[in-house]
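Colleague: My questions will all concern the structure given below.
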RNA sequence: GCGCAUGUGGCGUAAUUGGCAGCCGCGUCAGACUUAGGAUCUGAUGCCUUCGGGCGUGGGGGUUCGAGUCCCUUCAUGCGCACCA
């Protein structure tokens, strides 16, 4: 009987499915363990070999934990709302649901072939109404909540209203758009609309006029993490800034908690650092500058309060509300012109140009510390969205201010001793202060850090400003002018938004005739006919963004069929949070921030019992493509082999990697590949055509996509699983290279050969030899430690070594193989299941127990000593562990005598550190 | 510019965490078996060598009896953030 991977894998996959081997239920008698993969967006291209890398790693861990006695939750689902399906729908008119379902079916088929231990009864899809009703539900709860900075958590908006009714804004300390002050009476006198607008200033899900990233080509707004360098991540289209009335989530209210929470997480330092950067906490001060001949008070933010005596001008963001307030009549036109120019520049143009530009407002502000009058300018290097949208410019110690001052010939006052500011600014926060005597506040001679602290203290005392912490993290823009997403459970009555009652959920996504905006420019939902309406009132036409559905999906897996709640108390308290989350690092500033925010919000509500959703996170590396090239001699149909191409003028052409093996081209298949190559000629080296290669992104256009189905077909799922793990450390990005896969496949065949020779079953009940026990226990120890550390690649090596040793030893003992199969089972579930049953077990190997290793079997008989004389290391000696020290000394001296210099000298002292060092003092 | 990683044979990688650098696999070479091999098995394989040995973990320096591993410095590559005051 040969190792027939196809037959074995199909048979066991069927058996697992029929027996529901991987079904998981709450079981309070066992400790829980929750292993989660980032669920995929089911794209039309299907899975390539890069996708399963993380899934295999988490599958191994799940199976391992189960063998260790844990009750393991390991679910899978689909992030099924998204732009590609909709773009496809626009082009073809096909309903995105149809293509999505087809893609999901294809994904499922591919996933099943790899033999994962998912509990498919828990599958979820974000576009399933029974799922997205809970996305809508959470939105309603956010709408009905505000963030109370006193209790430092989200609270019911009713509590805020009660306060307004009793005391107005007095005593309110809440996260909000702008600080409002009104009395209970004023609140009472507000119209419904005014009240609604006022509450919007506080709600966690709110409608706001915000500067958004507008992508004209995609026809929608994008979140900050969906834009990179002024281009949309999806599609790479230019993105411009636009003021729009949009739904937003007040993520910024959670900035500090999101930052603090990182400390409790077992994530890589680099990922935490990425999030810290994204949150961008900076401690500084807010200060007020009076404007000359005006009652306007400019509020600015600075982290360098110490440089106050070096301020030579002020700068406002072009969009700042201060601009209109301070600009003089003479300068009005110039300022307006400048604002227009800036407005029509896209974010990308602004970034590429990086030219200094700006205009004087005509107004002057007064430095509150020395009374000096300084000009107020407008420039687009100041961002309206950060701080107060206005800065005090200190050209001597800020490179941007410096460039601006140089360009417009504004004065530069150095404030730090020894700093040469003739060529560039001195930005470092170090050195002794000079030129900083303002009478009451004198910073001269102080170190920068002390000066910052002193200035902050001073301005607080004098009421000129206050200490302030700013965050770079912005509120998330939550509306998309798109069809294929969750509808908002919102309707408008007299222009005032209201949420649907929770009992009315889910609000189903309606059918539309086209997936394009309406003629009047409304989002596609404006085309909905017969949509459920609320007493004839208008429903919200935007849909939610992609991250809405993925923000709490890990909770739904705990209790996927619950129609009463997102997750029951019981399920939440049992499964709590994800113990191990495996996925790509590209979600660092998107999903992984939103999910944490969403979870913290639900925590505040008392819906979930853990503050953080993902306890440990592993970022699997990307698998890149390894493209192959053939080299065509210019203007011919002749191709020259890689090693000879330097003698010709050639054009490299991508060739399908599937007709290349170990960089050798299959010439017949190449000729058949494309009609224009049918009569191709070849210049060969050693009778072969050798292709060149390059590492690139895996993509269709480079013909370097390797489909896991093909690998499974040829080598089997177990080989694929082992090989993907063998490729290198899981976190590392690496090119897919099929060149080494035969080695892994050979290992499985060797394992099989230990059990069967032809039809003869070789295993018996003989007693294992000491050598075999040592080989086995070495393996158990290595793999146990490796899995805990996610070093799967070295585990695969360990399996190979063990099988080689057992082959050499001609080991036939059932006792050895029983344990070996259990340890290998997480990596190669099919072959181990088959062989485990062959050993006479009637239960599945997944229900076995992980074996413990016994150190007794591993004891080394020899130990290495480093021998040194008079502290000078000479050589190492491998000596039997039980050798007495006199014997070690004798061996050492004997060995050294061949070196002669020791002759005639006497030994004075010998220091022996067991198993380490022997130092022999002679003289 | 700032931050975080990573540099080891022809290639992917490993090194009990300071103790014989290169395990395991690919590739290559030699041999065995075979009608045949893109099958299987065995052995060799870091580099140089005058065959004594010498040199080797991006470069330079340091600590140590001993450094791929720790410290300083420098170079290269990858990733993240980026007019964030």
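The values are calculated or read from the model by the stated rules, or taken from the named source; none is laboratory data. What you see is a predicted model; the values in this text were computed from it and never measured. Virtual Cβ from ideal backbone geometry, glycine too; neighbours counted across all protein chains shown.
Colleague: Cβ-Cβ under 6 Å, sequence separation 6+ or interchain: first residue in the stretch A:278-296 and within 11 Å of residue A:469 (Cβ to Cβ) and free of Cβ contacts under 8 Å to residues at least 24 places away in the same chain, partner in a strand (DSSP E or B) and away from RNA strand B (no atom under 16 Å from the Cβ). Which pairs?
Modeller: none
Colleague: Output the residues belonging to the stretch A:551-596 that are in a helix (DSSP H, G or I) and more than 16 Å from residue A:122 (Cβ to Cβ).
Modeller: Of all residues in the stretch A:551-596, those in a helix (DSSP H, G or I) come to A:553-556, A:569-575, A:585-587, A:591-596.
Those that are in a helix (DSSP H, G or I) and more than 16 Å from residue A:122 (Cβ to Cβ): A:569, A:573, A:585, A:586, A:587, A:591, A:592, A:593, A:594, A:595, A:596.
Colleague: Among the residues in the stretch A:801-808, are any without any contact (Cβ under 8 Å) to a residue 40 or more places away in the chain, crowded, with 20+ Cβ neighbours inside 10 Å and within 30 Å of residue A:731 (Cα to Cα)? Spell out how you get there, then give the answer.
Modeller: Step one: list which residues in the stretch A:801-808 are without any contact (Cβ under 8 Å) to a residue 40 or more places away in the chain, which gives A:801-802, A:805, A:808.
Filter once more, so that each one left must be crowded, with 20+ Cβ neighbours inside 10 Å: A:802.
Those still in the list that are within 30 Å of residue A:731 (Cα to Cα) too: A:802.
There is at least one residue in the stretch A:801-808 that is without any contact (Cβ under 8 Å) to a residue 40 or more places away in the chain, crowded, with 20+ Cβ neighbours inside 10 Å and within 30 Å of residue A:731 (Cα to Cα).
Colleague: Restricting attention to the stretch A:820-843, report how many residues are surrounded by 18 or more Cβ atoms within 10 Å (Cβ to Cβ) and either part of a loop (DSSP other than H, G, I, E, B) or modelled with pLDDT under 95 (or both). Quick ask: steps written out before the conclusion?
Modeller: Looking only at the stretch A:820-843, we keep the residues that are surrounded by 18 or more Cβ atoms within 10 Å (Cβ to Cβ), and these are A:820-836.
After this cut, where a residue has to be either part of a loop (DSSP other than H, G, I, E, B) or modelled with pLDDT under 95 (or both) as well, the list is A:825-828.
Residues meeting the conditions: 4.
Colleague: Looking at the stretch A:229-306, what strands (runs of 3 or more DSSP E) fall wholly within it and have at least 2 residues that are under 30 Å from residue A:326 (Cα atoms) and at pLDDT 90 or above? Give the derivation first.
Modeller: Details: elements: A:240-249, A:282-291, A:297-302.
Qualifying strands (runs of 3 or more DSSP E): A:282-291, A:297-302.
Colleague: Ok, one more. From the set of residues in the stretch A:177-214 that are in a loop (DSSP other than H, G, I, E, B) and free of Cβ contacts under 8 Å to residues at least 24 places away in the same chain, which is surrounded by the fewest Cβ atoms within 10 Å (Cβ to Cβ)? Break it down into steps so the answer makes sense when it comes.
Modeller: Step one: filter the stretch A:177-214 for residues in a loop (DSSP other than H, G, I, E, B), giving A:177-183, A:190-191, A:201-202, A:204.
Adding the requirement that they be free of Cβ contacts under 8 Å to residues at least 24 places away in the same chain leaves A:178-183, A:190-191.
Details: A:178: 6, A:179: 9, A:180: 15, A:181: 9, A:182: 15, A:183: 13, A:190: 14, A:191: 10.
Ranking the candidates gives A:178 first.
Colleague: Oh, and also: Being under 30 Å from residue A:244 (Cβ atoms) and outside any strand (DSSP E or B) is the filter here, so list the residues in the stretch A:307-322 that pass it. Write out each step before concluding.
Modeller: Quick first cut of the stretch A:307-322, residues under 30 Å from residue A:244 (Cβ atoms) only: A:314-322.
Those that are under 30 Å from residue A:244 (Cβ atoms) and outside any strand (DSSP E or B): A:317, A:318, A:319, A:320, A:321, A:322.
Colleague: Name the one entry in A:220, A:169 that is surrounded by 19 or more Cβ atoms within 10 Å (Cβ to Cβ) and over 23 Å from residue A:551 (Cβ atoms).
Modeller: Every option except A:169 fails the conditions.
Colleague: Where residues in the stretch A:734-749 are within 8 Å of RNA strand B (Cβ to nearest atom) and at pLDDT below 90, which of them is nearest to residue A:829 (Cα to Cα)?
Modeller: Taking the candidates together, the pick is A:740.
Colleague: Is the stretch A:720-733 home to any residue that is more than 13 Å from RNA strand B (Cβ to nearest atom) and touching a residue at least 60 places away in the same chain (Cβ under 8 Å)? Don't jump to the end; show me each part of the working.
Modeller: Our first condition is that a residue be more than 13 Å from RNA strand B (Cβ to nearest atom); within the stretch A:720-733, this holds for A:720-721.
Narrowing the set further to residues that are touching a residue at least 60 places away in the same chain (Cβ under 8 Å) leaves A:720-721.
Yes; the residues of the stretch A:720-733 include at least one that is more than 13 Å from RNA strand B (Cβ to nearest atom) and touching a residue at least 60 places away in the same chain (Cβ under 8 Å).
Colleague: What single numbered condition from (1) assigned to a strand (DSSP E or B); (2) under 17 Å from residue A:37 (Cα atoms) fails to hold for residue A:538?
Modeller: Unmet for residue A:538, out of (1) assigned to a strand (DSSP E or B); (2) under 17 Å from residue A:37 (Cα atoms): (2).
Colleague: Of the residues that make up the stretch A:250-262, is at least one more than 17 Å from residue A:585 (Cβ to Cβ), crowded, with 19+ Cβ neighbours inside 10 Å and over 20 Å from the mean Cα position of the chain (by Cα)?
Modeller: Yes, some residue in the stretch A:250-262 is more than 17 Å from residue A:585 (Cβ to Cβ), crowded, with 19+ Cβ neighbours inside 10 Å and over 20 Å from the mean Cα position of the chain (by Cα).
Colleague: While we're looking at this one, here's another question. Which numbered condition trips up residue A:782, out of (1) more than 24 Å from the chain's Cα centre (by Cα); (2) within 22 Å of residue A:826 (Cβ to Cβ); (3) in contact (Cβ under 8 Å) with a residue 24 or more places away in the chain?
Modeller: (3)
Colleague: Could you check, for the stretch A:30-43, whether at least one of its residues is surrounded by fewer than 18 Cβ atoms within 10 Å (Cβ to Cβ), modelled with pLDDT under 95 and farther than 28 Å from residue A:822 by Cβ?
Modeller: Looking for residues that are surrounded by fewer than 18 Cβ atoms within 10 Å (Cβ to Cβ), modelled with pLDDT under 95 and farther than 28 Å from residue A:822 by Cβ, one finds at least one in the stretch A:30-43, hence yes.
Colleague: Then there is this: Taking interchain pairs and intrachain pairs at least six residues apart, which have beta carbon atoms under 6 angstrom, with the first residue in the stretch A:649-661 and touching a residue at least 24 places away in the same chain (Cβ under 8 Å) and the second part of a helix (DSSP H, G or I)?
Modeller: A:654/A:702
Colleague: Moving on to the next point. Just give me the residues in the stretch A:571-586 being touching a helix residue (DSSP H, G or I) at 6+ places or on another chain (Cβ under 7 Å) and within 16 Å of RNA strand B (Cβ to nearest atom), in sequence order.
Modeller: A:583, A:585
Colleague: Next up: Which of the residues that make up the stretch A:750-761 are surrounded by fewer than 16 Cβ atoms within 10 Å (Cβ to Cβ), within 15 Å of RNA strand B (Cβ to nearest atom) and touching a residue at least 40 places away in the same chain (Cβ under 8 Å)? Give the steps one after another, and end with the answer.
Modeller: Step one: of the stretch A:750-761, the residues surrounded by fewer than 16 Cβ atoms within 10 Å (Cβ to Cβ) are A:750, A:753, A:757-761.
Add one more test, that the residue is within 15 Å of RNA strand B (Cβ to nearest atom), and what stays is A:750, A:753, A:757-758.
Hits for the stretch A:750-761 are A:750, A:753, A:758.
Colleague: Given (1) over 37 Å from the mean Cα position of the chain (by Cα); (2) free of Cβ contacts under 8 Å to residues at least 24 places away in the same chain; (3) within 11 Å of RNA strand B (Cβ to nearest atom), identify the lone condition not met by residue A:371.
Modeller: Here residue A:371 meets the rest and fails (3).
Colleague: Can you tell me how many residues within the stretch A:787-797 are assigned to a helix (DSSP H, G or I) and more than 8 Å from RNA strand B (Cβ to nearest atom)? Quick ask: steps written out before the conclusion?
Modeller: Step one: filter the stretch A:787-797 for residues assigned to a helix (DSSP H, G or I), giving A:787-789, A:792-797.
Next cut, more than 8 Å from RNA strand B (Cβ to nearest atom) only: A:787-788, A:792, A:795.
Total satisfying the criteria: 4.
Colleague: Residues that are more than 31 Å from the chain's Cα centre (by Cα): list the strands (runs of 3 or more DSSP E) wholly contained in the stretch A:645-719 that include at least 3 such residues.
Modeller: Numbers: elements: A:650-655, A:681-683, A:692-696.
Filter on the stretch A:645-719 gives A:650-655, A:681-683.
Colleague: Looking at A:285, A:253, which is the one that is in contact with a strand residue (DSSP E or B) (Cβ under 8 Å, 6 or more places away or on another chain) and near RNA strand B (Cβ under 9 Å from one of its atoms)?
Modeller: Numbers: A:253 fails: near RNA strand B (Cβ under 9 Å from one of its atoms).
Within the list A:285, A:253, the selection yields A:285.
Colleague: Ok, one more. Name the residues in the stretch A:319-338 that are surrounded by 15 or more Cβ atoms within 10 Å (Cβ to Cβ) and modelled with pLDDT under 90, would you? It would help to see each step written out before you state the result.
Modeller: Residues of the stretch A:319-338 surrounded by 15 or more Cβ atoms within 10 Å (Cβ to Cβ): A:319-320, A:322-323, A:325-328, A:331, A:334-335, A:338.
Once the filter is applied, which keeps residues that are surrounded by 15 or more Cβ atoms within 10 Å (Cβ to Cβ) and modelled with pLDDT under 90, the stretch A:319-338 yields A:319, A:320.
Colleague: Could you please find all residues in the stretch A:482-497 being over 16 Å from residue A:208 (Cβ atoms) and surrounded by 16 or more Cβ atoms within 10 Å (Cβ to Cβ)? So that I can check it myself, show each step before the final result.
Modeller: Residues of the stretch A:482-497 that are over 16 Å from residue A:208 (Cβ atoms), as a first pass: A:482-487, A:489, A:491, A:493-494.
Within the stretch A:482-497, A:482, A:483, A:484, A:485, A:486, A:487, A:489, A:491 meet the criteria.
Colleague: Still on this structure, I have one more. Among the residues of the stretch A:51-66, is there at least one that is closer than 23 Å to residue A:559 by Cβ and in a loop (DSSP other than H, G, I, E, B)?
Modeller: Scanning the stretch A:51-66 turns up no residue that is closer than 23 Å to residue A:559 by Cβ and in a loop (DSSP other than H, G, I, E, B).
Colleague: When you go through A:225, A:266 one by one, which is the residue that is within 16 Å of RNA strand B (Cβ to nearest atom), surrounded by fewer than 18 Cβ atoms within 10 Å (Cβ to Cβ), in contact (Cβ under 8 Å) with a residue 60 or more places away in the chain and within 22 Å of residue A:588 (Cα to Cα)?
Modeller: Values: A:225 fails: surrounded by fewer than 18 Cβ atoms within 10 Å (Cβ to Cβ).
Only one candidate passes the filter, namely A:266.
Colleague: Another question, if that's okay. Of the conditions (1) in contact with a strand residue (DSSP E or B) (Cβ under 6 Å, 6 or more places away or on another chain); (2) part of a loop (DSSP other than H, G, I, E, B), residue A:25 satisfies every one except a single condition; which number is it?
Modeller: It fails just one condition, (1).
Colleague: From the list A:561, A:591, exactly one residue is surrounded by fewer than 23 Cβ atoms within 10 Å (Cβ to Cβ), on the phi < 0 side of the Ramachandran plot, under 32 Å from the mean Cα position of the chain (by Cα) and within 16 Å of RNA strand B (Cβ to nearest atom). Which is it?
Modeller: Answer to the check: A:591.
Colleague: Criterion first (assigned to a helix (DSSP H, G or I) and touching a helix residue (DSSP H, G or I) at 6+ places or on another chain (Cβ under 9 Å)) does residue A:429 satisfy it?
Modeller: Details: assigned to a helix (DSSP H, G or I): no; touching a helix residue (DSSP H, G or I) at 6+ places or on another chain (Cβ under 9 Å): yes.
It is false that residue A:429 is assigned to a helix (DSSP H, G or I) and touching a helix residue (DSSP H, G or I) at 6+ places or on another chain (Cβ under 9 Å).
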